[in-house]
1. Around LEU268, with a cut-off of 13 angstrom between Cβ atoms, what is the net charge of the other residues, counting Lys and Arg +1 and Asp and Glu -1?
2. Rounded to the nearest 20 Debye, what is the dipole magnitude of the range 3-89 about its Cα centre when Lys and Arg each give +1 and Asp and Glu each give -1 at the C-beta?
3. Highest first, please rank the peptides 138-149, 114-125 by the mean number of other Cβ atoms sitting within 10 Å of their residues.
4. Would you tally the net charge around LEU250, using a Cβ to Cβ cut-off of less than 12 Å, leaving LEU250 out, and scoring K and R as +1, D and E as -1?
5. Take the Cα atoms of the chain, build their convex hull, and give its volume per residue in Å³.
6. Of ASN139, GLY108, LEU9, which is farthest along the charge dipole of the range 1-152 in the positive direction, counting Lys and Arg as +1 and Asp and Glu as -1 at C-beta?
7. If you place +1 on the Cβ of every Lys and Arg and -1 on the Cβ of every Asp and Glu, how big does the dipole about the Cα centre of the chain come out, in debye to the nearest 20?
8. Give the residue from TYR123, ALA164, GLN264 lying farthest towards the positive end of the charge dipole for the chain; charges sit on Cβ (+1 for Lys and Arg, -1 for Asp and Glu) and the dipole is referred to the Cα centre.
Amino acid sequence: MSQSALLALLEQQKPASTAGFYLSEVRGLSAESWRVHTPKGDWIAREQTRHGAQLGGDRRREFRVLRQLSAAGLAPGPVGLCNQWLLVEWLDGSVATESQFVDLLYNGELAARLAALHHQPRYGFPLPLKTLLARHWQNMCPARRTPTLLHHLKRWLSRPLPPAFILAPLHLDVHPGNLVQHAQNWHLIDWEYAADGDIALELAALFRANTLTQERQQRFLAEYCRQWPNMSPRILSERIKQWLPWVDFLMLMWYEVRWQQTRQTIFLQAATPLRLRLGLPW
């Protein structure tokens with residue numbers, strides 16, 4: 001939808017709140033959004049696009065997730081749903097730098113934030129991991145659907161998932177760009193992939209997506225386990241290892257879909273080490 005169409009939609013849906021408002025573009029790794037500047041406070045407008053749906057995003061699900069978590073102080077509040085647009089409270093603040101992210105790993109703040117999330121009631125939206133993998137295969141570049149990759153996909157789809165350690169609500173996209181310092185606290189944003197799943201899967205994704213060293217992983221796990229009674233970092237680490245190949249394959253397929261959508265070589269470059277780790281020659 002164009003900027004002018006979004007403006008018209010907002011004027012129609014929320015005339016009392018949007019008098020004198022204007023838009024500015026916000027770009028992310030997987031989608032384009034708009035910041036809505038209004039006299040009563042700013043929002044972010046996130047569109048339900050075909051590309052976003054291919055990657056597993058669902059703005060209606062995200063709205064319900066935000067409504068639940070904002071009541072617990074863990075996420076920005078949803079303003080509303082307007083057609084295919086999700087309107088969310090804008091958090092004024094700075095996005096975490098790489099050095100700040102490392103500090104959050106070491107000082108226990110990120111561990112406490114994730115543990116607080118994982119102690120919440122589940123959303124009611126289980127992560128359809130195998131369905132996502134199969135859908136990513138259908139949405140990736142046809143020329144890159146090799147027999148070797150198909151064999152690998154079928155092998156993983158036929159396997160049982162690792163046994164769940166603790167089922168909880170997950171974020172599933174934790175990285176510096178999704179942490180904002182607002183009102184002297186750090187907040188997670190961009191909940192489009194949030195779903196219910198195993199906490200060990202969340203931490204496996206955290207470790208892989210941010211290429212954490214073993215030392216940083218162990219430091220984080222020590223802080224995280226302090227948030228749970230009698231949780232063993234050693235046992236949790238073993239459960240995380242069971243999820244790592246699944247995370248690698250999911251990330252690989254996500255990058256393949258993004259390549260098909262954008263033709264940006266950054267996604268093929270990101271996929272290369274995952275292919276090597278999985279033993280998938282090109």
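A short reminder: the numbers here are calculations on the coordinates, not readings from a lab. Here the structure is a predicted model, which is why all the values come from computation and not from measurement. Glycine gets a Cβ as well: all are built from the backbone with ideal geometry, and neighbour counts include every protein chain shown.
1. +3
2. On the way: 11 positive and 8 negative charges, 49 e Å.
The calculation lands at about 240 debye.
3. Listed from highest to lowest mean packing, they are 114-125, 138-149.
4. Net local charge, LEU250 excluded: 0.
5. So the per-residue hull volume is 134 Å³.
6. Of the listed residues, the answer is ASN139.
7. In total the dipole reaches around 1040 debye.
8. ALA164
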